[in-house]
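To start, the structure itself, in structure tokens.
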Amino acid sequence: MNRIQSALEALLERIDTPAPIVLADVMQENIDRMQAFATRNNLDVRPHVKTHKCVEIGRRQVKAGAVGITAGNVGEAEVFAAAGFDDIFIAYPVWAAGTKGPRIRKLAETTRLRVGVDNVAAINALADAMGDNPGLLQVVIEVDCGARRSGAPAEAAGELALAARNRGLVPAGVFTYPGHGSAGPDARKRAAEDQNAALVTAVRSLSAVGITPAVVSAGSTPTVEFATNSVITEIRPGEYVFNDLNNTRLGACTEDQIALFVAGTVVSDWVPDQVILDIGTKALGREGKPDIGYGAIAGTNAVLSKLNEYHGFLPLPAGFRPSIGTVLPVVPNHVCPVVVNFEEYIVTDSTGATLERWPVDARGFLN
């Protein structure tokens, strides 16, 4: 029996399902391992809190040595700033319209705030939002390194940084996201090499206009072990804190490093060779596809083949026949979409001896 199964067995009479269970000792090992990697490679860790959205976990990351946090939007940043986090990077090309302009200005007045930008229009909108105090806000130029998501061409970084400086904002540096490293095990290193090349080009582009970057920021959990180019100053992994099936498939973690699973109960078994769990898309999200399934039962080779909103369809492999009422540990393909579905974590350790409840503080904050 692995530690996920052991912990769940000890919790059975104390939880309702579906429920996200966090193994705090495994999570802490993940935090400490990433921090040690960064220290060995002279890197700062700025973890992305969108993975967990939990103030208590963020505090543990900072206590371990993180220089600050990465947020995905203004709302997440506000939640963590209100909890005392004072060094926040919104790694997203925010458009400062509606209430976002005043909110960003307020955050910049109380924290060291950095905001991602990849175009001149966004730079001008942020500068306008800052009014007479644009120098309170730092911007970080996002460049694309092959993920084809947001991000300017690397060679345009200097032009954008100069535009920010001309508007009174502080161009702090550059960042990128090697999302194409999640395409498969062989893609991780190639994507990290693309990331390195893009960041080197971006830094040269800044230097050409007389700007020396204070931060050169890289991601992500699948590619972080290859983010060791000397130009990089900071890493922004998120999923590493919990890990998931996708990262095990990529080789970015082992099964023993998975720190979150969702407990689900067998509630129906009328269909031959299949049971239904009380765990569907409203608990797990929609991450998955038929060839890999939509979540796996820890310690077995059983995988969910289909999800409805509240139903999980589990075909039964030979020798595995859980009865009605059996509680099973479901490991998600991608952990981030799971977190937003719950108001709190059930927190224990690998023995299941302890039980705490930690709020998912930034749940629902999407703008």
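The values are calculated or read from the model by the stated rules, or taken from the named source; none is laboratory data. Owing to the predicted nature of the structure, the values given are computational and were not obtained by experimental measurement. Cβ sites come from the backbone with ideal geometry, for glycine too, and all protein chains shown count toward neighbours. Accessible surface is based on the protein model in full, side chains and every heavy atom, while ligands, DNA and RNA are left aside. Shrake-Rupley method; radii C 1.70, N 1.55, O 1.52, S 1.80 Å.
Condition check ((1) at pLDDT 95 or above; (2) polar (S, T, N, Q); (3) not in a strand (DSSP E or B)) across all residues:
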position: Val115; (1), (2), (3): yes, no, no
position: Asp128; (1), (2), (3): yes, no, yes
position: Val140; (1), (2), (3): yes, no, no
position: Gly146; (1), (2), (3): yes, no, yes
position: Ser150; (1), (2), (3): yes, yes, yes
position: Gly158; (1), (2), (3): yes, no, yes
position: Gly181; (1), (2), (3): yes, no, yes
position: Arg190; (1), (2), (3): yes, no, yes
Going through (1) assigned to a strand (DSSP E or B); (2) touching a Gly at 6+ places or on another chain (Cβ under 7 Å); (3) surrounded by 22 or more Cβ atoms within 10 Å (Cβ to Cβ) one by one, Tyr92 fails only at (3)
From Thr212, Thr221, Thr233, which residue is closer than 19 Å to Ala259 by Cα and either among the hydroxyl-bearing types (Ser, Thr, Tyr) or open to solvent by 40 Å² or more (accessible area, probe 1.4 Å) (or both)?
Thr221
Looking at the stretch 8-17, is at least one residue modelled with pLDDT of 95 or more, surrounded by fewer than 17 Cβ atoms within 10 Å (Cβ to Cβ) and within 18 Å of the chain's Cα centre (by Cα)?
no
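Does Arg148 satisfy the criteria of being surrounded by fewer than 20 Cβ atoms within 10 Å (Cβ to Cβ) and within 30 Å of Gly65 (Cα to Cα)?
On the way: surrounded by fewer than 20 Cβ atoms within 10 Å (Cβ to Cβ): yes; within 30 Å of Gly65 (Cα to Cα): no.
The answer is no for Arg148.
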For the stretch 306-313, does any single residue satisfy the condition of being under 15 Å from Leu245 (Cβ atoms) and among the hydroxyl-bearing types (Ser, Thr, Tyr)?
no
What tally of residues in the stretch 43-84 results from selecting those that are touching a Ser or Thr at 6+ places or on another chain (Cβ under 8 Å) and of a type in the set (Val, Ile, Thr)?
1
Val271 passes all but one of the listed conditions (1) surrounded by fewer than 19 Cβ atoms within 10 Å (Cβ to Cβ); (2) of a type in the set (A, V, I, L, M); (3) in contact with a helix residue (DSSP H, G or I) (Cβ under 7 Å, 6 or more places away or on another chain); the exception is number (3)
Looking for whichever is over 20 Å from Thr39 (Cα atoms), of a type outside the set (Lys, Arg) and touching a residue at least 40 places away in the same chain (Cβ under 8 Å) here; the options are Gly280, Gly238, Gly288. Which one fits?
Gly288
Give me the pairs: first residue in the stretch 343-367 and basic (Lys, Arg), second residue assigned to a strand (DSSP E or B) and open to solvent by less than 50 Å² (accessible area, probe 1.4 Å), beta-carbon distance under 8 Å, and six or more apart or on different chains, which are they?
Arg357/Tyr345; Arg357/Ile346; Arg357/Val347
Residue among Gly319, Gly325 that alone is without any contact (Cβ under 8 Å) to a residue 40 or more places away in the chain, open to solvent by 30 Å² or more (accessible area, probe 1.4 Å) and part of a loop (DSSP other than H, G, I, E, B):
Gly319
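Test Ala157 against the criterion of being in contact with a helix residue (DSSP H, G or I) (Cβ under 7 Å, 6 or more places away or on another chain) and within 18 Å of Arg114 (Cα to Cα), and give yes or no. Don't jump to the end; show me each part of the working.
Working: in contact with a helix residue (DSSP H, G or I) (Cβ under 7 Å, 6 or more places away or on another chain): yes; within 18 Å of Arg114 (Cα to Cα): yes.
The answer is yes for Ala157.
Give me a count of the residues in the stretch 101-110 that are surrounded by 19 or more Cβ atoms within 10 Å (Cβ to Cβ) and either under 16 Å from Phe365 (Cβ atoms) or touching a residue at least 60 places away in the same chain (Cβ under 8 Å) (or both). Lay out the reasoning, then the answer.
Let us first name the residues in the stretch 101-110 that are surrounded by 19 or more Cβ atoms within 10 Å (Cβ to Cβ), namely 101, 104-105, 107-108.
From what's left, either under 16 Å from Phe365 (Cβ atoms) or touching a residue at least 60 places away in the same chain (Cβ under 8 Å) (or both): 104, 107.
Within the stretch 101-110, residues that are surrounded by 19 or more Cβ atoms within 10 Å (Cβ to Cβ) and either under 16 Å from Phe365 (Cβ atoms) or touching a residue at least 60 places away in the same chain (Cβ under 8 Å) (or both) number 2.
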Quick one: in the stretch 34-65, of everything that is basic (Lys, Arg) and under 22 Å from Asn333 (Cβ atoms), which residue is surrounded by the most Cβ atoms within 10 Å (Cβ to Cβ)?
Lys53
Given the condition among the charged types (D, E, K, R) and open to solvent by less than 50 Å² (accessible area, probe 1.4 Å), answer yes or no: does some residue in the stretch 194-204 qualify?
no
For the list (1) small (Gly, Ala, Ser); (2) open to solvent by 50 Å² or more (accessible area, probe 1.4 Å); (3) in contact with a Ser or Thr (Cβ under 6 Å, 6 or more places away or on another chain), I need the number of the one condition that Gly299 fails.
(3)
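From the list Asp87, Asp118, pick out the single residue that is surrounded by 19 or more Cβ atoms within 10 Å (Cβ to Cβ) and in contact with a Ser or Thr (Cβ under 9 Å, 6 or more places away or on another chain).
Values: Asp87 fails: surrounded by 19 or more Cβ atoms within 10 Å (Cβ to Cβ).
Being surrounded by 19 or more Cβ atoms within 10 Å (Cβ to Cβ) and in contact with a Ser or Thr (Cβ under 9 Å, 6 or more places away or on another chain) holds for just one of Asp87, Asp118, which is Asp118.
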